[in-house]
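Novice: Handing you a structure now.
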2 protein chains.
Amino acid sequence: MIYFDDIQVGQQAAFGPLIVSADEIVDFARKYDPQPFHLSDAGARDTFFGSLAASGWHTAAMTMKLIVTGRSEPWADLGSPGFDDLRWQQPVYPGDRLRVHTTVQDKQASASSAQQGTVRLYVETANQHAEVVMSMTLSALLERRLASV
Amino acid sequence: MIYFDDIQVGQQAAFGPLIVSADEIVDFARKYDPQPFHLSDAGARDTFFGSLAASGWHTAAMTMKLIVTGRSEPWADLGSPGFDDLRWQQPVYPGDRLRVHTTVQDKQASASSAQQGTVRLYVETANQHAEVVMSMTLSALLERRLASV
């Protein structure tokens, strides 16, 4: 288990690939973001996307999946207060191979609790052409090692 | 169809309710955010959450669902460049009844294209106790009415 105390500012990690399927794009969109360009090629044809493209929320969820399932050792994660500056920079299409790259930007022990601290992660999701499709700065609340003694 | 030109700054809208089910929480978490507190009561017991709680990405996706499916007239939506300052303020539990409230904060015609403009929406998602569970400022790219003439 990786605790707040184990994290180094500047530390990087890479995750993936995850291959995006058309079925999964449509399934997610039907459930959560049923806009025409996320449901079919026909619905996307005359839009910016040009053909079926993933909901940005789906790209965010796939990014989370890559991080959570790709860690060689799990983080003592207490949840996340949120994030800043999420940018959907390029569409995500069926067949895209997504990879995620994270960099620890900052860490801060809690002023109110000796048992936790916040880590800020810069997260970039890229496709097989090395184009960044999404970026954000995610905050994660982590347990401190001393709290587990 | 609602175009950029039809939107008024200050305009508000309300969506919901959507009742959150335990099955959907677990289904989403298995696919995208398989952390123990999003998978079972047992996995959440000794955490901040106390019992099974939805992934924050699931809360975001449910919020999107309420907005997209709840509009009486669809927006001429060209996609979203992203958003700022997403905050998960309270956990979302099975049985919660979510409602979403949106306020148009700002609108700006595109400098580079006469066919589109950006609208900034402040979005709050609240539970049945009127506690805000999530907030964010979402940007949406909308078609201009003149472009459709």
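Novice: Test of understanding: among B:VAL20, B:VAL9, B:VAL26, which residue is surrounded by 15 or more Cβ atoms within 10 Å (Cβ to Cβ), more than 9 Å from every other protein chain (Cβ to nearest Cβ) and in contact (Cβ under 8 Å) with a residue 40 or more places away in the chain?
Specialist: Result: B:VAL20 is the single residue among B:VAL20, B:VAL9, B:VAL26 that is surrounded by 15 or more Cβ atoms within 10 Å (Cβ to Cβ), more than 9 Å from every other protein chain (Cβ to nearest Cβ) and in contact (Cβ under 8 Å) with a residue 40 or more places away in the chain.
Novice: With the requirement that a residue be surrounded by fewer than 17 Cβ atoms within 10 Å (Cβ to Cβ) and either on the phi > 0 side of the Ramachandran plot or within 11 Å of chain B (Cβ to nearest Cβ) (or both), what does segment A:35-50 give you? Step through it out loud before you land on a result.
Specialist: Going residue by residue through segment A:35-50, those that are surrounded by fewer than 17 Cβ atoms within 10 Å (Cβ to Cβ) are A:40-42, A:45-46, A:48, A:50.
Of everything in segment A:35-50, those that are surrounded by fewer than 17 Cβ atoms within 10 Å (Cβ to Cβ) and either on the phi > 0 side of the Ramachandran plot or within 11 Å of chain B (Cβ to nearest Cβ) (or both) turn out to be A:ASP46, A:PHE48, A:GLY50.
Novice: Search segment A:105-136 for residues being within 14 Å of the chain's Cα centre (by Cα) and small (Gly, Ala, Ser), and hand back the single one that is farthest from the other protein chains (Cβ to nearest Cβ). Outline the logic, then answer.
Specialist: So in segment A:105-136, the residues within 14 Å of the chain's Cα centre (by Cα) come out as A:120-127, A:132-136.
Filter once more, keeping what is small (Gly, Ala, Ser): A:126, A:135.
Working: A:ALA126: 16, A:SER135: 9 Å.
Result: A:ALA126.
Novice: What about B:LYS65, is it more than 24 Å from A:ALA76 (Cβ to Cβ), within 12 Å of chain A (Cβ to nearest Cβ), buried (at least 18 other Cβ atoms within 10 Å of the Cβ) and among the charged types (D, E, K, R)?
Specialist: Details: more than 24 Å from A:ALA76 (Cβ to Cβ): yes; within 12 Å of chain A (Cβ to nearest Cβ): yes; buried (at least 18 other Cβ atoms within 10 Å of the Cβ): yes; among the charged types (D, E, K, R): yes.
Yes, satisfied.
Novice: Within segment B:110-141, count every residue that is hydrophobic (A, V, I, L, M, F, W, C) and modelled with pLDDT under 95.
Specialist: Of segment B:110-141, the ones hydrophobic (A, V, I, L, M, F, W, C) are B:111, B:114, B:119, B:121, B:123, B:126, B:130, B:132-134, B:136, B:138, B:140-141.
Now narrow it down to the ones that are modelled with pLDDT under 95: B:111, B:114, B:138, B:140-141.
Final tally of qualifying residues: 5.
Novice: Further, regarding this structure: Restricting to segment A:51-67, give me the number of residues that are free of Cβ contacts under 8 Å to residues at least 24 places away in the same chain and out of contact with any Phe, Trp or Tyr (no Cβ under 8 Å at 6 or more places or on another chain).
Specialist: Taking segment A:51-67 first, the residues free of Cβ contacts under 8 Å to residues at least 24 places away in the same chain are A:64.
With out of contact with any Phe, Trp or Tyr (no Cβ under 8 Å at 6 or more places or on another chain) added as a condition, the list becomes none.
Counting residues in segment A:51-67 that are free of Cβ contacts under 8 Å to residues at least 24 places away in the same chain and out of contact with any Phe, Trp or Tyr (no Cβ under 8 Å at 6 or more places or on another chain) gives 0.
Novice: Output the number of residues of segment A:83-135 satisfying the condition of being among the β-branched types (Val, Ile, Thr) and in contact with an Asp or Glu (Cβ under 6 Å, 6 or more places away or on another chain).
Specialist: Of segment A:83-135, the ones among the β-branched types (Val, Ile, Thr) are A:92, A:100, A:102-104, A:118-119, A:123, A:125, A:132-133.
Then keep just the ones that are in contact with an Asp or Glu (Cβ under 6 Å, 6 or more places away or on another chain); that gives A:132.
Adding up the residues that qualify gives 1.
Novice: A follow-up question, please. For segment A:1-50, enumerate the residues that are over 17 Å from the mean Cα position of the chain (by Cα), more than 26 Å from B:ALA29 (Cα to Cα), assigned to a loop (DSSP other than H, G, I, E, B) and not small (Gly, Ala, Ser).
Specialist: A:GLN8, A:VAL9, A:ARG45, A:ASP46, A:THR47, A:PHE48, A:PHE49, listed by residue number.
Novice: I've got another one for you. With respect to the numbered conditions (1) under 21 Å from B:LEU86 (Cα atoms); (2) out of contact with any helix residue (DSSP H, G or I) (no Cβ under 6 Å at 6 or more places or on another chain); (3) surrounded by 14 or more Cβ atoms within 10 Å (Cβ to Cβ), which one is the sole condition not fulfilled by A:ALA126?
Specialist: (1)
Novice: Applying the selection to segment A:97-126, what residues are of a type in the set (Lys, Arg) and under 11 Å from A:ALA13 (Cα atoms)? Working first, answer last.
Specialist: Pass one, segment A:97-126, residues of a type in the set (Lys, Arg): A:97, A:99, A:107, A:120.
Selection gives A:ARG99 alone.
Novice: Another question, then. Test of understanding: among B:ALA53, B:ALA60, which residue is part of a loop (DSSP other than H, G, I, E, B), of a type outside the set (S, T, N, Q), at the interface with another protein chain (Cβ under 9 Å from one of its Cβ atoms) and crowded, with 16+ Cβ neighbours inside 10 Å? Before you say what the answer is, go through the steps one by one.
Specialist: On the way: B:ALA60 fails: part of a loop (DSSP other than H, G, I, E, B).
Checking each option against the conditions leaves just B:ALA53.
Novice: If you go through segment A:71-104 one residue at a time, how many are exposed (fewer than 15 other Cβ atoms within 10 Å of the Cβ), under 19 Å from A:ASP5 (Cβ atoms) and away from chain B (no Cβ under 13 Å)?
Specialist: Total meeting the criteria: 2.
Novice: Give the residues of segment B:103-149 that are farther than 23 Å from A:PHE48 by Cα and outside any strand (DSSP E or B), sorted by residue number.
Specialist: Correct list: B:ASN127, B:GLN128, B:HIS129, B:ALA130, B:GLU131.
The values are calculated or read from the model by the stated rules, or taken from the named source; none is laboratory data. For clarity, every value in this text was computed on a predicted model and none was experimentally measured. When we count neighbours, we look across all protein chains shown, and the Cβ atoms used for this are built from the backbone with ideal geometry, even at glycine.
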